[in-house]
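**Q** Starting off with a structure, shown below.
Taken together, the values in this text are just the output of simple stated rules run on the coordinates, not laboratory data. Please read all numbers here as calculations on a predicted model, not as lab measurements. Methodologically, a virtual Cβ is constructed for each residue, glycine included, from the backbone with ideal geometry; neighbour enumeration extends over all protein chains shown.
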Amino acid sequence: MAKTLLIRGEWSAGSGRSFAVRNPATGESVGEASDAGRDDALSAIHAAHEAFPAWGTLPARDRAAVLLRWNLLLLSRQEDLARTLVLENGKPIKEARTEVAYGAGFVEWSAEEAKRVYGETIPHSIPGKRHFVLKQPVGVTAAISPWNFPLAMVTRKVAPALAAGCTVVLKPAEQTPLTAVRAFELLQEAGAPPGVANLVTSSDPAAIGEALLGDPRVRKITFTGSTEVGKLLMRGSADHVKKLSLELGGCAPFLVFADADLDKAAEGLLWCKFRNAGQTCICANRVYVEEPVYEEFLRRFTERVRTLKVGNGLSEESQIGPLIDAAALAKTEEHVADAVRRGARVVCGGKRRSEGDLARGSFFEPTVLAGATADMRCMAEETFGPVAPLAPFRTEEEAVRLANDTRFGLAAYFYTRDVSRVVRLMERLEYGIIGANDPSPAVPQAPFGGFKESGLGREGGRYALEEFLEVKHVCLGI
Ligand code: NAP
């Protein structure tokens with residue numbers, strides 16, 4: 001029987017129910033996870049609540065020591081973790097190894113940052129008063145993570161929360177709980193005291209979500225996932241006025257100006273669009289190319305896309321793995337069909353892969369669409385699949401208008417050699433993350449998060465810890 005619930009330092013099966021975890025490349029079961037319900041979530045909250053006073057007041061150096069050991073353990077098990085990650089998520093093994101290193105980076109950074117949670121002394125204006133500012137951990141934190149980065153989205157939440165002195169209840173995505181289980185085993189081995197980090201795997205997210213939202217002991221919700229669920233959590237947090245961090249969906253524009261290094265831009269787009277088969281929240285969703293170089297860029301980009309190898313992520317050669325499930329495959333197909341109906345031309349790809357072994361998984365060909373227009377779903381909604389729709393633009397003004405014409409505001413990219421334009425665009429684009437001549441801006445030490453409906457708060461860097469801290473003003477009469 002799977003025992004994947006970690007509550008108060010004990011691994012258990014909860015009620016004894018479990019659910020299968022499937023490999024999206026083959027459809028086969030690759031393991032089981034315990035299926036937590038409301039009572040398990042409440043037990044985990046209780047454990048986190050009991051552990052909070054001691055963990056929250058432990059010297060920061062001691063909390064950092066646990067995290068530094070966790071970082072080293074994650075790195076020492078990089079290959080095991082990467083394979084688990086491929087089996088349940090499908091991404092190519094090389095990307096999975098990179099994710100483990102990236103995910104461990106948040107742990108290392110948070111450990112170091114734990115020691116730098118400084119307060120403040122504020123000059124007084126009334127002679128008999130003195131003003132101090134303390135920063136203190138918020139309390140029990142509920143973390144809910146998605147399947148597209150099964151390790152990095154866990155460490156990006158759990159590490160800064162623990163560093164700040166919060167205790168945690170994590171609910172990982174139901175498609176990818178096994179990587180989270182491995183990560184929590186290592187966190188326990190690193191010396192996290194019982195109850196400090198609790199894990200509830202479940203196939204009933206609404207029940208777990210309700211338990212986390214409904215319990216006043218949970219003071220903070222940190223969530224990565226869809227905008228739809230993010231809004232639900234926001235509404236649900238209102239009753240107890242919980243602190244919230246939301247990393248939600250995007251619809252990233254990728255702008256290529258006529259003065260850009262077109263080869264660099266094509267390489268950049270290849271990575272930015274097709275990493276994780278297009279299932280990243282900051283991946284380019286819609287591509288705008290300045291008219292004079294539109295055809296040439298389309299040619300150079302398509303040439304590269306045709307070389308991408310689709311296959312099981314366990315193969316070292318694979319560059320495009322399967323989509324996470326049949327629903328994701330159907331959505332990608334729908335976006336392509338809708339674009340074609342509205343006049344787009346399929347330049348390459350465009351179909352699911354169904355020959356040989358690939359038929360068992362949810363594989364979609366890396367696809368380039370030309371002549372995309374604003375009315376197409378792939379230009380207005382997050383596709384979350386390996387589809388790159390290209391459209392021409394005439395002026396910088398038009399490019400900025402098109403880029404900002406969305407309810408999302410997570411990441412935007414542009415390629416140009418004009419330094420003044422770089423400054424204009426970095427100021428005018430309404431996005432939390434900008435890749436200027438760079439397709440891969442996310443690093444553990446920099447803030448990550450969105451404007452508008454892409455979210456609230458920031459993960460990464462020193463900003464991350466602030467999300468798990470309360471600010472207390474102490475006025476001392478002397
Ligand atoms: P999702 O359906 O919102 O799921 C995310 C997490 O929320 C999962 O753990 C899910 O559990 C849980 N969940 C679902 N319904 C819930 C409810 N009623 N109450 C509480 N929790 C609930 O999103 P997804 O499809 O897994 O992930 C893709 C989305 O995440 C995309 O929109 C992507 O852009 C976004 N994303 C954003 C970032 C960022 O940093 N901004 C990073 C990565 C992904 P189950 O797995 O059990 O359904």
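**Q** Sort ARG417, ARG286 by Cβ crowding within 10 Å, fewest neighbours at the top.
**A** ARG417, ARG286
**Q** Can you sort ILE7, ILE434 so the residue with the fewest Cβ neighbours within 10 Å comes first?
**A** ILE434, ILE7
**Q** Right, something else. In deg cm²/dmol, rounded to 500, what helix-only [θ] at 222 nm does the chain give when every DSSP H run of at least 4 residues adds -39500 (n - 2.57) and the total is split over its residues?
**A** After summing the helix terms and dividing by the residues of the chain, the value is -12500 deg cm²/dmol.
**Q** Tally Lys and Arg at +1 and Asp and Glu at -1 over the other residues with C-beta under 13 Å from the C-beta of GLU267: what net charge comes out?
**A** Here the charged neighbours net out to +1.
**Q** Starting from the 7 Å offset along Cα-to-Cβ, what nm value, one decimal, do you get for the label separation of SER354 and ARG462?
**A** That separation, rounded to one decimal, is 5.6 nm.
**Q** Same structure, new question: Tell me, in nm to one decimal, what length is gained between GLU50 and ASP259 on full extension, where the rule is 0.36 nm per residue of separation less the Cα-Cα distance?
**A** 69.3 nm
**Q** Could you calculate the FRET efficiency of GLU185 with VAL346 from 1/(1 + (r/R0)^6), where r is the beta carbon distance between them and R0 is 41 Å, rounded to 0.05?
**A** 0.35
**Q** I need to check one value: relative contact order of the stretch 39-101, counting alpha carbon pairs closer than 8 Å and at least 6 residues apart, in percent.
**A** Relative contact order of the stretch 39-101: 24 percent.
**Q** Starting from the amide H of VAL168, placed 1.01 Å from N in the peptide plane, find each other amide H under 5 Å away whose residue is 5 or more places distant or on another chain.
**A** Result for VAL168 returns THR141, ALA197, ASN198.
**Q** I need the Debye-formula profile for the stretch 39-113: one equal scatterer per C-alpha, no solvent, reported as log10 I(q)/I(0) at q = 0.23, 0.25 1/Å, two decimals.
**A** So the normalised log intensities work out to -0.93, -0.96.
**Q** So, one more: Whose amide H sits under 5 Å from the amide H of LEU369, counting only residues 5 or more places off or on another chain, with H placed in the peptide plane?
**A** VAL347, ALA388, LEU390
**Q** Non-local amide H neighbours of LEU255 (under 5 Å, H modeled in plane, Pro and chain starts lacking H): which ones?
**A** TYR288, TYR413, PHE414, TYR415
**Q** Let me ask you something else. For GLU99, GLU291, GLU267, what ranking results if the residue with the fewest other Cβ atoms within 10 Å of its Cβ goes first?
**A** GLU291, GLU267, GLU99
**Q** Restricting to Cα pairs below 8 Å that are 6+ residues apart, what does the relative contact order work out to for the stretch 94-222? Please round to a whole percent.
**A** Answer for the stretch 94-222 is 27 percent.
**Q** Let me ask another. Separation of the stretch 160-176 and the stretch 418-478 by C-alpha centroid, Å?
**A** 21
**Q** Assign one of three labels to the chain, namely rounded, prolate or oblate, based on the Cα gyration tensor with a ≥ b ≥ c the square roots of its eigenvalues; rounded applies when a/c is under 1.5, prolate when it is not and a/b is larger than b/c, and oblate otherwise.
**A** oblate
**Q** From the residues ALA164, ALA442, MET234, which one has its Cα farthest along the dipole of the chain in the positive direction, the dipole being from +1 and -1 charges on Cβ of Lys/Arg and Asp/Glu about the Cα centre?
**A** Of the listed residues, the answer is ALA164.
**Q** Ok, one more. Exceeding 29 Å between C-alpha atoms, which entries from my cross-link table qualify? They are LYS135/LYS171; LYS231/LYS351; LYS94/LYS171.
**A** Cα-Cα > 29 Å for LYS231/LYS351; rest within.
**Q** Return the whole-Å distance between the Cα centroid of the stretch 25-91 and the Cα centroid of the stretch 207-277.
**A** So the separation of the two Cα centres works out to 20 Å.
**Q** How high is the relative contact order of the chain? Use alpha-carbon pairs under 8 Å, at least six apart in sequence, and give a whole percent.
**A** Value for the chain: 19 percent.
**Q** Under 20 Å Cα to Cα from LYS129, which aspartates and glutamates show up? Leave out anything in the same chain fewer than 8 places away.
**A** Candidates past the 8-residue exclusion: GLU120.
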